[in-house]
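**Q** Dumping the structure here so I can ask a few things about it.
The values are calculated or read from the model by the stated rules, or taken from the named source; none is laboratory data. Since we're looking at a predicted model, the values are computed, not measured. Cβ sites come from the backbone with ideal geometry, for glycine too, and all protein chains shown count toward neighbours. Accessible surface areas use protein heavy atoms only, side chains included; no ligands, DNA or RNA. Shrake-Rupley method; radii C 1.70, N 1.55, O 1.52, S 1.80 Å.
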Amino acid sequence: MTGMTAAGAAISFEGVGKAFDGPGGAWIAALQDVTLQVEPGAICGIIGRSGAGKSTLLRMVNGLERPTAGTVTVAGHDVGRAGGAALRAIRREVGMIFQHFNLLASRTVAGNIALPLEIAGTPADPIRARVADLIARVGLDGLAGRYPAELSGGQKQRVGIARALATSPKVLLSDEATSALDPETTQTVLRLLADINRELGLTILLITHEMAVVRDIASHMAVIEGGRIVESGPTYDIFTRPTHLTTRSFLGGVTGLTLPAFIAGKMLDHRPDGPSEEVIRVTFAGTHATDPMLSKLATELGIASNILAGAIEEVGPHPFGNLLISVDAARGAEARAYLEQHGLLTEVLGHVR
Amino acid sequence: MSANLMWLLYEATLQTLYMVAASTLLGTAFGLPLGVFLATSQQGELLSSPWLNKVLGLVVNATRSVPFIILVVAIIPLTRAIVGTSIGTNAAIVPLTLAAIPFIARLVENAIREVDAGLIEAARAMGATPMQIITKVLVREARPGITLGLTLAVVSLIGYSAMVGAVGGEGLGDLGIRYGYQRFMPEVMVSVVVILIVLVQLVQSIGEWIAARFDKRAPRNRGH
């Protein structure tokens, strides 16, 4: 994501801002100075809490929202300044799926998938062939004549995906597409998106408030907070070396990073007087094993460590682990230096008496 | 009841059906587009033209405020200009249509406003023109609501058509007044009322049947 030139990117935000008219003539900034490039074929996940501005950012890519500052480019087109027929032509190159699916209740599965093609003026025969292909592609065989009310949530989202792919777009936007689905269905829908990304080389930009979604399919990610991108880069790098507080709190839910309550309640920012323990987060990437490292710590330096929490995760094909340990504060610096020396990342989270 | 009276009832029923059918068709031809426009032309909407929206809204409200019997008499010059005469069944169609247009427009507007805004967004994201969004999404999705609205309009027009006897419009209502009331023939009055009840019942049932055919939403989502 970083280091890409805007010209080569599938989607590019350059200094993008969005301000709304607030009450009393005040301007309310929804987005400020957002610069982000999504390279062709990437799956970029934007994560943020509700109201952080992620939806506004996503909707700028197909011109549903217009920036009040900066430039949004999709496949070389300046979306923010396009209007009328030019904007509609860009929109046909950008598919979009929605949290609540937004399917027409009055049209069958086939009818819903055909809609973007009808809108584009495609003749009936090619539409029929294309719709049949798409139905098979998203695994809805035999359901062409059903109405959305007769489908499950996962099936509805598959219709949404097929509809978004109908005009063979280069970019797919996903607006919380799995937020209304149960965890199991979420996995099957994410797998479908990942397959499509791989097979069609489609660039996917998705927004979500669930770190697990980003972990499972995003090659790149950006964290948005208060209308600004606070952290962005390859997902693996951010999962293993998060720098921003917001990122860490999102990671807490998916990486076993949360301290047990009985320790979290006693945590101090500064080392207290007298004997205390230092709480350290140890991150190991790739296939590094920590068990030998912690036992080596004990045998070689004589530093005992308590394991408080831990988990091994996969980001794409790469495993990485997080351990929360505590060691005698007097020897904390020594222990950290030793672990760092052996290729692990450490971070002091606090102290407990 | 004499064969003569039966013939009168038969003729009057046909006249009523003719007036109601003609004014429904004409009222829909003007009321449907007007309703669609009212539903899509507020500030920031598809056909955003807030000024025209307000003016048309005022005209619609004003027309709907005038009691029908007053409207019938008030527009006699217009009726004469259009039909060439101000009395008779054809003449009666003019005030009936004029009353139907704003009524149908409001019903259509309400039905269209019921359509989920997410569908408009999805259609915009597909690159649809405002006209495509209206025809392929809004009107189509609102079909069950529009059908029920038109059913309501037809039932109201059957009621209104009873008043056009005032300008020689004839029909069932006029027959009831002239024979049943003024000539003290209660059997005519009863027959007229029974025929009207059957007509309204038929229209309502057919309307609901068509609306249900259009309605593909899950049963729990049906707001009617």
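**Q** From A:144, A:132, which residue is away from chain B (no Cβ under 11 Å) and assigned to a helix (DSSP H, G or I)?
**A** Exactly one residue qualifies, and that residue is A:132.
**Q** Considering only residues that are among the β-branched types (Val, Ile, Thr) and surrounded by fewer than 20 Cβ atoms within 10 Å (Cβ to Cβ), which ones fall in the range A:297-323?
**A** Step one: list which residues in the range A:297-323 are among the β-branched types (Val, Ile, Thr), which gives A:299, A:303, A:307, A:312, A:315.
Within the range A:297-323, A:299, A:303, A:307, A:312 qualify.
**Q** Please determine, by comparing only the residues of the range A:75-118 that are of a type in the set (Val, Ile, Thr) and over 25 Å from residue A:180 (Cβ atoms), which one is nearest to the other protein chains (Cβ to nearest Cβ). If you could, list the steps in order and put the result at the bottom.
**A** Our first condition is that a residue be of a type in the set (Val, Ile, Thr); within the range A:75-118, this holds for A:79, A:90, A:94, A:97, A:108-109, A:113.
After this cut, where a residue has to be over 25 Å from residue A:180 (Cβ atoms) as well, the list is A:79, A:90.
Numbers: A:79: 12, A:90: 8 Å.
Ranking the qualifying residues of the range A:75-118, first place goes to A:90.
**Q** Can I ask one more? Looking only at the range A:152-166, which residues are crowded, with 16+ Cβ neighbours inside 10 Å and more than 10 Å from chain B (Cβ to nearest Cβ)? Walk me through how you get there before you give the answer.
**A** Within the range A:152-166, the subset crowded, with 16+ Cβ neighbours inside 10 Å is A:153-166.
Those that are crowded, with 16+ Cβ neighbours inside 10 Å and more than 10 Å from chain B (Cβ to nearest Cβ): A:153, A:154, A:155, A:156, A:157, A:158, A:159, A:161, A:162, A:165.
**Q** Applying the selection to the range B:201-224, what residues are at pLDDT 90 or above and exposed (fewer than 15 other Cβ atoms within 10 Å of the Cβ)?
**A** Once the filter is applied, which keeps residues that are at pLDDT 90 or above and exposed (fewer than 15 other Cβ atoms within 10 Å of the Cβ), the range B:201-224 yields B:201, B:202, B:205, B:206, B:209, B:212, B:213.
**Q** Kindly evaluate residue A:76 against the criterion of being under 21 Å from residue A:21 (Cβ atoms) and not polar (S, T, N, Q).
**A** Working: under 21 Å from residue A:21 (Cβ atoms): no; not polar (S, T, N, Q): yes.
For residue A:76, the condition - under 21 Å from residue A:21 (Cβ atoms) and not polar (S, T, N, Q) - is not met.
**Q** Let me ask something else about it. Tell me which residues, restricted to the range A:155-212, are in a loop (DSSP other than H, G, I, E, B), within 20 Å of residue A:254 (Cβ to Cβ) and either outside the structural domain of residue A:61 (by TED's automatic domain parsing) or under 17 Å from the mean Cα position of the chain (by Cα) (or both).
**A** Looking only at the range A:155-212, we keep the residues that are in a loop (DSSP other than H, G, I, E, B), and these are A:166-170, A:176-182, A:201-202, A:209-210.
Next, from what is left, pick out any that are within 20 Å of residue A:254 (Cβ to Cβ): A:176-182, A:209-210.
Hits for the range A:155-212 are A:176, A:177, A:178, A:179, A:180, A:181, A:209, A:210.
**Q** Failed condition for residue A:54, given (1) crowded, with 23+ Cβ neighbours inside 10 Å; (2) within 14 Å of chain B (Cβ to nearest Cβ); (3) of a type in the set (D, E, K, R), with all others met?
**A** Against the list (1) crowded, with 23+ Cβ neighbours inside 10 Å; (2) within 14 Å of chain B (Cβ to nearest Cβ); (3) of a type in the set (D, E, K, R), residue A:54 comes up short only on (2).
**Q** Would you call residue A:41 open to solvent by 10 Å² or more (accessible area, probe 1.4 Å), more than 8 Å from every other protein chain (Cβ to nearest Cβ), part of a loop (DSSP other than H, G, I, E, B) and touching a residue at least 40 places away in the same chain (Cβ under 8 Å)?
**A** Numbers: open to solvent by 10 Å² or more (accessible area, probe 1.4 Å): yes; more than 8 Å from every other protein chain (Cβ to nearest Cβ): yes; part of a loop (DSSP other than H, G, I, E, B): yes; touching a residue at least 40 places away in the same chain (Cβ under 8 Å): yes.
For residue A:41, the condition - open to solvent by 10 Å² or more (accessible area, probe 1.4 Å), more than 8 Å from every other protein chain (Cβ to nearest Cβ), part of a loop (DSSP other than H, G, I, E, B) and touching a residue at least 40 places away in the same chain (Cβ under 8 Å) - is met.
**Q** Continuing with the same structure: Can we say residue A:122 is assigned to a loop (DSSP other than H, G, I, E, B), free of Cβ contacts under 8 Å to residues at least 12 places away in the same chain and either under 28 Å from the mean Cα position of the chain (by Cα) or within 14 Å of chain B (Cβ to nearest Cβ) (or both)?
**A** On the way: assigned to a loop (DSSP other than H, G, I, E, B): yes; free of Cβ contacts under 8 Å to residues at least 12 places away in the same chain: yes; either under 28 Å from the mean Cα position of the chain (by Cα) or within 14 Å of chain B (Cβ to nearest Cβ) (or both): yes.
So residue A:122 passes the test.
**Q** Okay, next question. Could you run through the range B:109-138 and say how many residues are surrounded by fewer than 19 Cβ atoms within 10 Å (Cβ to Cβ) and more than 9 Å from chain A (Cβ to nearest Cβ)?
**A** Summing the residues that are surrounded by fewer than 19 Cβ atoms within 10 Å (Cβ to Cβ) and more than 9 Å from chain A (Cβ to nearest Cβ) in the range B:109-138 gives 7.
**Q** Could you list all residues from the range B:140-173 that are surrounded by fewer than 21 Cβ atoms within 10 Å (Cβ to Cβ) and within 10 Å of chain A (Cβ to nearest Cβ)?
**A** B:140, B:143 - these are the residues of the range B:140-173 that are surrounded by fewer than 21 Cβ atoms within 10 Å (Cβ to Cβ) and within 10 Å of chain A (Cβ to nearest Cβ).
**Q** Can you tell me which residues in the range A:259-279 are touching a residue at least 40 places away in the same chain (Cβ under 8 Å) and either in the same structural domain as residue A:29 (by TED's automatic domain parsing) or open to solvent by less than 70 Å² (accessible area, probe 1.4 Å) (or both)?
**A** Residues of the range A:259-279 touching a residue at least 40 places away in the same chain (Cβ under 8 Å): A:259-260, A:263, A:266-272, A:274-279.
Once the filter is applied, which keeps residues that are touching a residue at least 40 places away in the same chain (Cβ under 8 Å) and either in the same structural domain as residue A:29 (by TED's automatic domain parsing) or open to solvent by less than 70 Å² (accessible area, probe 1.4 Å) (or both), the range A:259-279 yields A:259, A:260, A:263, A:267, A:268, A:272, A:274, A:276, A:277, A:278, A:279.
Condition check ((1) modelled with pLDDT of 95 or more; (2) in contact with a Pro (Cβ under 6 Å, 6 or more places away or on another chain)) across all residues:
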site	(1), (2)
B:30	yes, no
B:33	yes, no
B:59	yes, no
B:64	no, yes
B:68	no, no
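**Q** In the range B:38-55, what residues are within 20 Å of residue B:135 (Cβ to Cβ), in contact with a helix residue (DSSP H, G or I) (Cβ under 7 Å, 6 or more places away or on another chain) and open to solvent by 40 Å² or more (accessible area, probe 1.4 Å)?
**A** Within the range B:38-55, B:42, B:46, B:47 meet the criteria.
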